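The next block holds one structure in the form of structure tokens; read it before the comments.
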Amino acid sequence: TSLQNRTMARLRSEGIACTTIYCTSLSSSTTTLEKWYTGIAYTLSQSFGLLGSFSDFITWWDERCSLSPTQRLADLIESVLLPSVPGAIVIFMDEIDSLLSLSFPTDDFFALIRDCYEKRSQDQLSTSYVCFNRSRNAL
């Protein structure tokens, strides 16, 4: 985590927008798929100053309830985050190993990240990155 913090400080000093999503704080035995994706989306929204207040975020998220949580997160990234944050974006996913304890599959989440990676030739996604970190105790 200290290496991540130093890296984020260096990236920010270069004008790169960064945030960390702490997977452990979103992952518990009672976390549902819907709440997990909502937590990720809210963390991104809050970290990058998108959609104003919490109620604005909830309204935006709920207006898209006919979409799957993965599709809503993709929409937030593509239609709100990328147009709103100029320049490069780095998202750190810390303690990614905590996803192993979730009671639902996370394949769609990783497929979304892969989709973003494959779209990197598009202008908006060309400078966006996701970094995964596992907890120190995970083996």
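The values are calculated or read from the model by the stated rules, or taken from the named source; none is laboratory data. Just so it is clear, the model here is predicted, and its values are computed rather than measured. Don't worry about glycine lacking a Cβ; one is built from the backbone with ideal geometry, like all the others, and counts go over all protein chains shown.
One table, with the values for the structure above:
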item: Single residue of Asp94, Asp75 found to be farther than 24 Å from Arg12 by Cβ and charged (D, E, K, R); result: Asp75
item: Any hit, region 74-89, residues being surrounded by 17 or more Cβ atoms within 10 Å (Cβ to Cβ) and of a type in the set (Asp, Glu); result: no
item: Flag if Arg64 is farther than 15 Å from Gly39 by Cβ, at pLDDT 90 or above and either of a type in the set (Val, Ile, Thr) or outside any helix (DSSP H, G or I) (or both); result: yes
item: Which numbered condition Phe54 fails, given (1) surrounded by 13 or more Cβ atoms within 10 Å (Cβ to Cβ); (2) farther than 20 Å from Phe104 by Cβ; result: (1)
item: Residue check for Trp36: crowded, with 18+ Cβ neighbours inside 10 Å, of a type outside the set (Ser, Thr, Tyr), part of a helix (DSSP H, G or I) and in contact (Cβ under 8 Å) with a residue 60 or more places away in the chain; result: yes
item: Looking only at region 1-27, and only at residues there that are exposed (fewer than 14 other Cβ atoms within 10 Å of the Cβ) and of a type in the set (S, T, N, Q), the one that is modelled with the highest pLDDT; result: Ser13
item: Pick from region 104-115, criterion surrounded by 12 or more Cβ atoms within 10 Å (Cβ to Cβ) and modelled with pLDDT under 90, ranking: nearest to Leu26 (Cα to Cα); result: Ile113
item: Some residue of region 20-28 being farther than 20 Å from Cys131 by Cα, assigned to a loop (DSSP other than H, G, I, E, B) and out of contact with any helix residue (DSSP H, G or I) (no Cβ under 8 Å at 6 or more places or on another chain); result: yes
item: Unmet requirement for Asp75, which otherwise passes all of (1) over 18 Å from Cys131 (Cα atoms); (2) touching a strand residue (DSSP E or B) at 6+ places or on another chain (Cβ under 6 Å); result: (2)
item: Of residues in region 40-51 being among the aliphatic types (A, V, I, L, M) and part of a helix (DSSP H, G or I), the one farthest from Phe104 (Cα to Cα); result: Leu44
